[in-house]
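Heads up: the structure comes next, in structure tokens.
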Amino acid sequence: MASNPSFGNIIMVGDVLVHSDIITRHFCCDLSVCRGKCCIEGDAGAPVTLDEVAQIENVLDTVWPMLSSAAQAEIDRHGVAYTDEEGDLVTSIVQGKDCVFTCYRDLPLPHHGTVKDCCLCALECAFREGRTQWPKPMSCYLYPIREKKLGTLTGLNYHRWTVCKEAVALGEKLQMPVYKFLREPLIRRFGPEWYEELERAAELFLQS
């Protein structure tokens, strides 16, 4: 079997350019510590595509009761998404920071008991509960991987954010590579065969 071509820190998997950090770096969300603050930090919403805006609008009635009154008012005024200062389409936010799809719940976690008032995504909660068929925007689902179109190719990079320092610490403790932590969303985005090729490419890269 031919190995995947590697160009320095970039590995070619199908028509996707994968940065080696996705293989060598470690990451695992630690909601017991961070309580989901990535949904309420930053100065813009989550990047979305027009197709994803349509998906959000399709499930909006289902998640509506889970949203805060401020989020509902923001959506009523400006819709589920807007174009930010950099020209990117992103989810609407409340008071300049909180994603409108933020909700707060007590979250039972193995070995940690119940985490009170954990910040969660209403879109994902509805999906996990079987009430919708669409989980959330791919930019959220794939995080800390960021996707970028490069002509006919797709580039995947590992994004570093101080908000996620606890996830880095837990990932290093568990020796959980980024690509293994994100197995489910990567398969949803690129398919199971592509992910199997990524696994083989990761093994070859680490052996080189």
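Residues whose amide H lies under 5 Å from that of CYS118, counting only those 5 or more places away or on a different chain, are ARG105, ASP106, LEU107; hydrogens are built 1.01 Å from N in the peptide plane.
With loop membership from DSSP and a limit of 16 other Cβ atoms within 10 Å, the longest segment of the chain without trypsin sites (Lys or Arg not before Pro) is 1-96. Using 0.36 nm per residue and subtracting the Cα-Cα separation, the extra length available between GLN95 and VAL163 on full extension is 22.6 nm.
Using the Karplus relation 6.51 cos²θ - 1.76 cosθ + 1.60 with θ = phi - 60°, the per-residue 3J(HN,Hα) values for segment 154-167 come to 10, x, 10, 10, 8, 9, 9, 8, 4, 4, 9, 4, 5, 5 Hz, with x marking Gly and Pro. Between GLU203 and ARG146, the modelled label-to-label distance comes to 3.2 nm, taking each label 7 Å out from Cα in the direction of the beta carbon. Mean residue ellipticity, 222 nm, helices only, the chain: the sum of -39500 (n - 2.57) across DSSP H runs of n ≥ 4, divided by residue count and rounded to 500, is -10500 deg cm²/dmol. Between ASP51 and ILE187, the modelled labels are 2.0 nm apart [label points 7 Å from Cα along Cα→Cβ]. Can you flag which of LYS116/LYS165; LYS149/LYS173; LYS148/LYS173; LYS136/LYS173 are past 25 Å Cα-Cα? Too far apart for the 25 Å limit: LYS149/LYS173; LYS148/LYS173; LYS136/LYS173.
Toward the positive end of the charge dipole of segment 54-185, with +1 on the Cβ of Lys and Arg and -1 on the Cβ of Asp and Glu, the farthest Cα among TYR143, VAL63, PHE127 is that of TYR143. Shape class of the chain from the Cα gyration tensor (axes a ≥ b ≥ c, square roots of the eigenvalues): prolate, since a/c reaches 1.5 or more and a/b is larger than b/c. Mean projection of the Cα convex hull over all viewing directions, computed for segment 95-140: 4.2 nm².
Computed on segment 64-156, the Cα convex hull volume stands at 147 Å³ per residue.
Neighbour counting of Cβ atoms within 10 Å sorts the residues MET12, MET138, fewest neighbours leading, into MET12, MET138.
Placing a pseudo-label 7 Å from each Cα along the Cα-to-Cβ vector at ASN58 and ARG131 gives an inter-label distance of 1.8 nm.
Read-outs throughout are calculated quantities, based only on the coordinates presented, and are distinct from any laboratory measurement. Everything numeric here is computed off the predicted structure, so don't read it as measured data. Using ideal geometry, Cβ is built from the backbone for each residue, glycine included, and neighbour counts are taken over all protein chains shown.
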